[in-house]
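Notes for the one structure printed next.
The values are calculated or read from the model by the stated rules, or taken from the named source; none is laboratory data. Since the structure is predicted, the reported quantities are computational estimates derived from the model, not experimental observations. For neighbour counting, all protein chains shown are included, and Cβ atoms are generated from backbone atoms with ideal geometry for every residue, glycine included.
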Amino acid sequence: MSTTHDTVTDRAAQLLELVSSATIVDLSVTTGERWPCSPYEGQPFGQFTLNWFTWPRGAFREYVQVHDDHTGTHFDAPCHQIPPPDSGLPAANEYGTISVEQVPLDQMIGSAAVIDVTALVENAPKGEKTRLKESPEILPEHVLDWEQRHGTLTSQEIVLFRSDWSDRYYRPLPEGFGYDRSHPAPRAETIELLHERGVRAIGTDGRGIGLMQDDYSPHWACLGRNIVCIENLTNLGSLPPRGALFVFASHKFEAASGGLGRAFGIVTG
């Protein structure tokens, strides 16, 4: 019994030592009343004082917060855009019943595969009312080119598309209104390729996994295959193309379609 206990304790100590010696990279945007909500046409973020160190509630501070469940750094559960199978709606399948609290934690913990698509932003035509004329499409060729340089993706990896969109444009309002939906996003065919590799989670540092000109096809391709989407990430340029550990921990709100949370990377060496 003592030997087993010592072994477990030693492993915990080794894990703690590894994490303590690593670099922890915050990959989450800040949310609040001064910051962009998502979507703009939805519920704007609101924070209201419930108590401020006063009688009769007590000597503590507490707020009530109201926001869309797709605000800030969050993930889309399959039920966000996949209707339940008995609904008779387009794209309905068995994954349409999976909400936030049903998604296993290990689906959002994995080795980070960071695919740099920043060149798509630099080379895209500018828009009149949006940053770009339309969302540049992340194609299967972009994934295959990354694999040529870094090796074939595996089912243990979480693919993170780095466009630096949030790094450039996620700012306090009113400047933050420029954080629009013309960010790069994957085509459905690209997501299908990732599914073939066994990938179970995809992340982006844009406002969403959908294209400005086609929000639905990428979402259906992901969520309809039980691949979750982690959106509004930031600081992906601080991760190597391969080798960091990615972790996203969301709230566990029953029946929610989106889970706000904290994303971070652990970089060793």
Revision key, fill the gap. Condition set surrounded by fewer than 22 Cβ atoms within 10 Å (Cβ to Cβ) and among the polar types (S, T, N, Q), scope region 52-98, selection nearest to the chain's Cα centre (by Cα): answer is Q81
Exercise for review: Could you look through region 1-58, keep only residues that are among the hydroxyl-bearing types (S, T, Y) and in a helix (DSSP H, G or I), and pick out the one that is modelled with the lowest pLDDT?
Suggested key: S2
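Tell me which residues, restricted to region 228-249, are touching a Lys or Arg at 6+ places or on another chain (Cβ under 9 Å) and surrounded by 22 or more Cβ atoms within 10 Å (Cβ to Cβ). Steps first, answer last, please.
Within region 228-249, the subset touching a Lys or Arg at 6+ places or on another chain (Cβ under 9 Å) is 228, 231-233, 236-237, 239, 241, 247-249.
If the condition is that a residue be touching a Lys or Arg at 6+ places or on another chain (Cβ under 9 Å) and surrounded by 22 or more Cβ atoms within 10 Å (Cβ to Cβ), then V228, E231, N232, L233, L236, L239, F248 are the ones that fit.
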Point to revise | Count - residues of region 197-242 that are under 21 Å from S135 (Cβ atoms), touching a His at 6+ places or on another chain (Cβ under 8 Å) and assigned to a strand (DSSP E or B) | key: 4
Point to revise | Boolean, D180 is surrounded by fewer than 23 Cβ atoms within 10 Å (Cβ to Cβ), in a helix (DSSP H, G or I) and touching a residue at least 24 places away in the same chain (Cβ under 8 Å) | key: no
**Study point:** Meets criteria (among the aromatic types (F, W, Y), touching a residue at least 40 places away in the same chain (Cβ under 8 Å) and on the phi < 0 side of the Ramachandran plot) for F75
**Key:** yes
